[in-house]
Amino acid sequence: MSIKNNIIEIKNRINEACKKVNRDPNEITLIAVSKTMTNEDIIEAASFGMTNFGENKVQELSTKYNEINNPSLKWHQIGHLQRNKVKYIIDKVELIHSVDSIKLASKINDEALKRNITANILIQVNIANEETKFGISRNEAHHIIREIDKMSQINIKGLMTIAPYVENSEINRIHFRTLKDLHVDISSKNKDNIFKVKNSFDILSMGMTNDYEVAIEEGANMIRIGTGIFGVRE
Ligand SMILES: *Cc1c(COP(=O)(O)O)cnc(C)c1O
């Protein structure tokens with residue numbers, strides 16, 4: 001399969017998943033996860049209409065950003081972010097998906113302030129409470145989001161999760177649904193007397209190659225696909 005055909009196939013499957021639950025496919029932002037892929041791969045995917053690219057390593061994102069040097073591409077930091085590396089990507093990324101502590105957010109806020117910019121972030125939730133995964137727990141979400149939302153240079157745009165790796169994507173449905181519920185709580189303040197964040201809080205980043213259709217059925221509006229677009233990573 002070529003990158004072009006893979007993108008066509010994924011778009012078809014997004015359309016099918018949306019049809020199933022009466023959603024508009026235009027609501028779904030497809031992020032091409034290009035970690036370990038070459039500049040040529042990225043440029044090829046861009047030539048078939050991809051504009052959003054996700055990377056999990058700061059160094060790799062930064063290098064590709066500089067080398068490809070295409071201002072119409074949007075870069076997403078989707079992997080764990082160390083505080084001492086925030087400075088390398090803060091002015092390059094559209095969205096940081098992986099904010100998992102008040103301390104990290106505070107560092108992002110400081111670096112954004114220095115540059116007089118606003119940082120768009122998602123809060124990563126470890127929805128299945130996996131020991132091996134980063135992310136805050138659901139129980140601490142309200143407290144942490146409330147604290148981070150006070151930071152002047154940060155817009156919390158929504159939530160992100162990495163669901164467990166499973167063969168059968170149905171197993172992750174409950175996790176996607178749980179994150180969606182949390183997202184609704186915080187975005188519409190309609191339950192449990194929960195506060196509302198200061199900016200639009202409308203992004204729900206969940207679903208990868210193995211489970212994105214289920215994620216869409218459960219309300220994802222940003223999906224992160226690597227293998228499905230570029231093939232298996234080395
Ligand atoms: C690698 C990665 C993906 C994409 O995974 P695939 O299974 O290849 O689609 C999505 N999100 C994050 C955070 C990743 O690190």
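Just so it is clear, none of the values below were taken in a lab; they were calculated from the coordinates. All values reported here derive from a predicted model rather than from experimental measurement. Every residue, glycine among them, receives a Cβ derived from its backbone with ideal geometry; neighbour counts consider all protein chains shown.
Data for the structure
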| read-out | value |
| --- | --- |
| Long-range amide H partners of Ala119 with built H, under 5 Å | Ile154, Asn155 |
| FRET efficiency for Gln82 and Ile171, using Cβ-Cβ distance with R0 set to 25 Å, rounded to 0.05 | 0.20 |
| Orientation-averaged projected area, Cα convex hull of segment 30-206 (nm²) | 10.7 |
| Above-threshold pairs, the threshold being 26 Å between Cα atoms, out of Lys4/Lys35; Lys4/Lys157; Lys4/Lys87 | Lys4/Lys157; Lys4/Lys87 |
| Residues listed by number, segment 12-45, amide nitrogen under 17 Å from Asn66 label point at 7 Å toward C-beta | 39 |
| Nearest-20 debye value, the chain charge dipole, Cβ charges on Lys, Arg, Asp, Glu | 700 |
| Cα lying deepest toward the dipole's positive end in segment 76-223, options Ala119, Leu204, Ser169, charges on Cβ | Ala119 |
| Only Lys, Arg (+1) and Asp, Glu (-1) charged, at Cβ; segment 126-204 dipole about Cα centre in debye | 380 |
| Residue-averaged [θ]222 nm for the chain, counting only DSSP H segments that reach four residues, each worth -39500 (n - 2.57) | -11500 deg cm²/dmol |
